Amino acid sequence: MSRPGFALEVDERTPPTLVRSASDVRLERFALGTQIVYPPDGQPWGDAVAATADALAEPVDGTPFAARLYPGMRLTITFADISALAPSSADDPRRAVVEQLLTAAAGAGVDDVVLVAATGLRRRLGPEDMRRLLGERVSRSFAGDPRLTSHDASDDSALATIGESDGGDQIRFNRRVVESDLVVHVSVVTSAEHAGWDEFTSGLAAAETIDLAYGWNGDPAPIRRAVADRVQAMAVAVVLGQPSYSGPLRFLSAREWEWSVKDQAAYLAGRRALATAPVQAGRLLYSRPVAYPVLGAFSGSVEGVRASAQARLAAHQKVAVKGPADILVTGVPPVHAAAPDGDGSPLGAAWWVLRHAYGLSSETPVVREGGAVIAFHPLGDRFSTRHHGAAADMIAEVLPETSDPAEIVARFLPRFASDPWYTDLYRQRGAYHPLHAFHQWFDLQPAIAALGDVVFVGANRRTAEVMGFRAATTYQDALEIASTRLGRRPAITYLRDAVGVQVAVS
């Protein structure tokens with residue numbers, strides 16, 4: 001077991017604290033009285049294979065998986081994509097779960113089995129991605145086989161209509177999933193967004209249906225009901241704790257006052273080596289696979305599994321802090337849910353800060369209304385033309401015209417969504433769906449409306465300005481900007497690592 005997380009109040013003895021800014025790391029000295037929120041220690045333990053076997057045999061509710069199998073049935077296994085971060089394929093819990101599901105199906109004489117990556121509007125997975133998630137054994141067994149596929153939200157032939165919304169719009173869903181006798185959805189749970197009907201629906205519906213549920217002023221409830229009524233689904237979820245680094249990168253997860261001489265030397269060596277190196281070198285160095293503790297596994301109904309998995313995760317991640325703060329400070333790691341390849345866009349970095357980090361407390365917000373957020377990220381203006389073409393064009397063409405979501409929906413979204421070039425990039429070339437960039441922007445709006453200032457340290461000034469944020473050269477400059485609204489002695493909370501922590505504000 002690992003040590004729990006805690007909130008440290010900075011005093012005269014507190015050493016400078018590690019801050020992540022995409023592919024860069026630095027040490028920052030925070031003012032006296034700042035709360036630094038440390039996640040639990042990332043001590044790897046647990047066996048995903050054994051935990052999965054126990055979960056399948058003893059579900060939280062309903063019938064065990066093996067008892068639901070029979071010869072001649074149509075079985076579909078869907079699984080969360082690479083935006084749910086996990087260890088390398090040798091230890092990825094999705095591999096352990098899928099292998100056990102396939103073994104049980106073969107033993108029961110089930111021949112009609114299809115595997116579908118629930119990618120939704122995110123980029124569709126290629127062979128290397130499948131190997132990374134499912135391991136060599138499964139990916140080679142299904143190599144070149146259409147029975148291993150990635151959901152296509154724009155393929156009309158692979159979508160079935162399952163109902164209508166209250167406004168009369170068609171609700172369309174993955175045809176194979178709808179026509180299956182049983183669907184098993186496999187989740188990796190590392191944050192509050194994972195597992196449940198929302199993950200399932202947003203990963204396997206048509207693009208227009210996803211927009212209807214999760215776009216601007218969307219309502220997911222009728223979509224979830226329609227899917228639950230038509231799809232015979234059960235879920236399997238493996239809960240992972242705080243990731244940990246070892247070897248030369250141990251300093252990334254170790255608490256600063258516990259750094260050894262080797263940790264200090266590794267930090268300085270990395271800083272010097274990357275000072276003149278390309279950005280890709282930092283991504284390669286700091287994006288290596290890490291180890292995760294296995295907190296448990298659950299199977300059963302979709303909602304029952306989500307409730308059990310999230311309760312287990314919260315018990316591990318929850319940290320009590322005083323608050324809410326006047327200023328929330330956070331770094332942005334190079335790899336996160338919006339940039340699983342370390343190849344993100346400024347919209348993805350803003351999503352991590354203003355949707356994920358800002359929303360780490362589901363009750364009282366971490367930062368008060370009218371407060372400020374200071375984030376460390378360059379908001380670079382160089383985009384991957386392969387993955388983020390629509391996001392680049394949105395920042396270049398849409399946001400300089402308007403940042404208002406209603407106007408964006410009226411003037412720009414239909415053109416982007418129906419553009420055959422963007423659609424082809426999504427369907428054939430591994431790009432994100434054009435709607436994905438718009439949905440990221442919509443996700444930021446509650447935080448933007450509640451905050452007085454959003455400041456990015458080290459950011460490209462033009463990109464920050466276009467997005468409605470402010471850029472600062474240093475952390476002290478960012479504090480000066482925030483002080484014009486919040487005074488000279490604001491209450492500050494810094495999230496040392498927002499990857500594996502939930503905040504309970506007292």
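Here, each number is a calculation from the coordinates, and none is a lab measurement. For clarity, every value in this text was computed on a predicted model and none was experimentally measured. With ideal geometry, Cβ positions are generated from the backbone for all residues, glycine too; neighbour counts draw on all protein chains shown.
Annotation: amide H-H contacts under 5 Å for VAL236 (H modelled 1.01 Å from N, sequence separation of 5 or more, or interchain): HIS185, VAL186, SER187. Computed from backbone phi with θ = phi - 60° and the Karplus coefficients 6.51, -1.76 and 1.60, the 3J(HN,Hα) list for segment 307-317 is 4, 5, 5, 5, 5, 5, 5, 4, 4, 7, 8 Hz; x is used for glycine and proline.
Spatial offset of segment 46-101 relative to segment 486-503 amounts to 37 Å, using the alpha carbon center of each.
Distance from the Cα centroid of segment 178-230 to that of segment 351-375 is 25 Å (rounded to whole angstrom). Highest mean packing first, where packing is the average number of other Cβ atoms within 10 Å per residue, the peptides 40-48, 229-237 line up as 229-237, 40-48.
For PHE6, the residues whose amide H sits under 5 Å from its own are TYR38, ignoring neighbours fewer than 5 places away on the same chain, with H placed 1.01 Å from N.
By the count of neighbouring beta-carbon atoms within 10 Å, fewest first, LEU295, LEU32, LEU204 end up ordered LEU32, LEU295, LEU204.
Simple point charges give the picture: +1 on the Cβ of Lys and Arg, -1 on the Cβ of Asp and Glu, and for the chain a dipole about the Cα centre of about 1320 debye. In sequence order, segment 130-142 has phi-based couplings of 5, 5, 5, 7, 9, x, 5, 4, 6, 5, 6, 4, 9 Hz under the Karplus curve 6.51 cos²θ - 1.76 cosθ + 1.60, θ = phi - 60°, and Gly or Pro positions carry x.
Annotation: amide H of ALA153 has no partner in the under-5 Å range at sequence separation 5 or more or interchain, hydrogens built in the peptide plane.
With neighbour counts taken as other beta-carbon atoms within 10 Å, the residues TYR422, TYR432 rank, fewest first, as TYR422, TYR432. Dividing the helix sum by the residues of the chain, where each DSSP H run of 4 or more adds -39500 (n - 2.57), gives a mean residue ellipticity at 222 nm of -10000 deg cm²/dmol. Most tightly packed first, judged by the mean number of other beta-carbon atoms within 10 Å of their residues, the peptides 338-344, 443-449 read 338-344, 443-449.
With a cut-off of 14 Å between beta carbons, the residues surrounding ALA471 carry a summed charge of -2, where Lys and Arg count +1 and Asp and Glu -1. Sequentially through segment 239-249, phi angles give Karplus couplings (6.51, -1.76, 1.60; θ = phi - 60°) of 9, 10, x, 5, x, 10, 9, 9, x, x, 9 Hz, Gly and Pro residues having no value and appearing as x.
From largest to smallest, the equivalent ellipsoid semi-axes obtained for the chain from the alpha-carbon gyration tensor read 37, 27, 21 Å. What separates the Cα centres of segment 422-476 and segment 104-158 is a distance of 31 Å.
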